[in-house]
Amino acid sequence: MLAREARLVLVAALGFASCALPPARWDVPDGAQLPFADARRACHQLTAPDGERFEDCMSRRGFERESLWRRMGRGLTGG
């Protein structure tokens with residue numbers, strides 16, 4: 001029973017910590033700034049104001065938000 005409670009505390013702590021993290025940035029490879037800008041503009045026009053559909057649109061065009069682990073690293077280093 002103690003292990004289950006410890007897991008619940010850990011999950012709750014991670015949940016609260018994720019709220020304090022900086023927002024996720026887009027992973028844009030070097031040299032892909034122009035295709036990213038074009039995809040972003042097209043997805044805004046196609047999906048506004050639905051943010052979830054915007055994320056899907058960007059994903060279909062090959063762009064993803066940075067991972068939780070990268071956000072945590074950036075939050076810890078202040079970057």
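The values are calculated or read from the model by the stated rules, or taken from the named source; none is laboratory data. Since this is a predicted model, take the numbers as computed values, not measurements. Glycine also receives a Cβ, built like all others from the backbone with ideal geometry; neighbour counts cover every protein chain displayed.
Entry remark, segment 50-72: residues being modelled with pLDDT of 90 or more and in a helix (DSSP H, G or I) number 8 in total.
Among residues of segment 43-55 that are of a type in the set (A, V, I, L, M), none has a Cβ under 6 angstrom from a residue that is surrounded by fewer than 10 Cβ atoms within 10 Å (Cβ to Cβ) at a sequence gap of 6+ or on a separate chain.
Selection of segment 62-79 for residues being polar (S, T, N, Q) and closer than 22 Å to Gly31 by Cβ yields only Ser67.
Every residue in segment 20-49 that is farther than 16 Å from Arg65 by Cβ and either at pLDDT below 90 or loosely packed, with under 10 Cβ neighbours inside 10 Å (or both), please. Passing the criteria: Ala20, Asp30, Gly31, Leu34, Gln45, Ala48, Pro49.
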